[in-house]
Amino acid sequence: MTENRRISLALSSGGARGLVHIGAIQCLEAQGYEICCVSGSSMGALVGGIYARGELDAFAQWVRALTRNDVVRLLDIGWGFGGGLFKGERIIEVLKELIGDAAIEDLPINFTAVATDINRKREVWMERGPLFDAIRASIAIPMVFTPVRRGRQLLIDGGVLNPLPIAPTLKDDTDLTVAVDVNGLDTRPLNIRLPLDEASAAPSEEQNPASEAEPTARQAIAEFIEGLWPGNSSEPLPEQQDRNMFDIAMEAMDSMQVTISRLKSSVYTPDVLVQVPRNVAHFFEFERAGELIDMGYELMEQELTAPEQP
């Protein structure tokens, strides 16, 4: 592939796993490839848009320094009003200050952010207008961030209908199409992933006394935020641990994205496909940025240097 240096890049959705995209881009540049256009859904849109803006290094340095407390402080609670637990405005304002906003059509690299219009039940390609307006719409994860209204459109996360947006890159005149999919198959042993049986899942009276007071809304939100992260990311979830409502919702969306990503990559077959197992990181583990960025670099390097199949 050494003679084909101009590439189109498609970056998938996937929450914190999408930080892998940063390392993948850094590897492509280090190998001498010219990224001419980028298309992204959700976290792929965020990383891809910042790269197209020319500020990926600044973003990588900032995100590598994030702690779990920093991530929590970026979540502006909306209490469910407007359709999401968080407003999603604080993180966008912080990124605007760090990166600087721009019109998509003025970026030095062609960029497309993909969102989902739930009014018309179809995907939307955003290729004009303010960069961070498009990113905000593309990252509007259902139940997590409030949807974005744009005219008659009500926009949510692009990963709902197109977690691996290869199609928007096909119109560009490039040598290769490279896709990074962080919604790969879970590599954990099946016994770790199987749901609990009813007997082991049912709480005992001691665990759930009837006299226990109902938690207040503020306590529920605090427990929800705390529950966004596993206790120890390096260990598999213990088999006796049940899943809460949010876990089930995220698992459902992950499962959907795995299936759709496989379909998209088979219909629009990229020249290079880097697949990352979805169990490498929890959806909100942004404090593991350094590890995930390095992983992206290594996986892209392995794919680029792998011997070509006959």
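A count restricted to segment 1-32 and to residues that are more than 24 Å from His282 (Cβ to Cβ), surrounded by fewer than 23 Cβ atoms within 10 Å (Cβ to Cβ) and not hydrophobic (A, V, I, L, M, F, W, C) stands at 8. Of all residues in segment 132-147, those satisfying the criterion of being touching a residue at least 60 places away in the same chain (Cβ under 8 Å) and either of a type in the set (Lys, Arg) or not in a helix (DSSP H, G or I) (or both) are Ile139, Ile141, Pro142, Met143, Val144, Phe145, Thr146, Pro147.
There is no residue in segment 61-68 that is within 19 Å of the chain's Cα centre (by Cα), part of a helix (DSSP H, G or I), crowded, with 21+ Cβ neighbours inside 10 Å and aromatic (Phe, Trp, Tyr). Only residues that are surrounded by 24 or more Cβ atoms within 10 Å (Cβ to Cβ), among the acidic types (Asp, Glu) and over 16 Å from Val267 (Cβ atoms) were counted across segment 132-185, and they come to 1. Here Met295 meets each of (1) modelled with pLDDT of 90 or more; (2) more than 17 Å from the chain's Cα centre (by Cα) with one exception, condition (2). Checking each residue in segment 261-277 for being under 16 Å from the mean Cα position of the chain (by Cα), modelled with pLDDT of 85 or more and buried (at least 16 other Cβ atoms within 10 Å of the Cβ) picks out Val274, Gln275, Val276. Taking the conditions exactly as written (within 25 Å of Leu75 (Cβ to Cβ), open to solvent by 70 Å² or more (accessible area, probe 1.4 Å), assigned to a helix (DSSP H, G or I) and at pLDDT below 60), does Gln241 satisfy them or not? No; evaluated as a whole, the condition is false for this residue. Filtered by the rule that a residue be closer than 20 Å to Gly100 by Cβ and of a type outside the set (A, V, I, L, M, F, W, C), segment 59-78 gives Gln61, Arg64.
The values are calculated or read from the model by the stated rules, or taken from the named source; none is laboratory data. In this text, all values refer to a predicted model and were calculated from it rather than measured experimentally. Methodologically, a virtual Cβ is constructed for each residue, glycine included, from the backbone with ideal geometry; neighbour enumeration extends over all protein chains shown. Areas reflect the complete protein model, heavy atoms only, side chains present, ligands, DNA and RNA absent. Shrake-Rupley method; radii C 1.70, N 1.55, O 1.52, S 1.80 Å.
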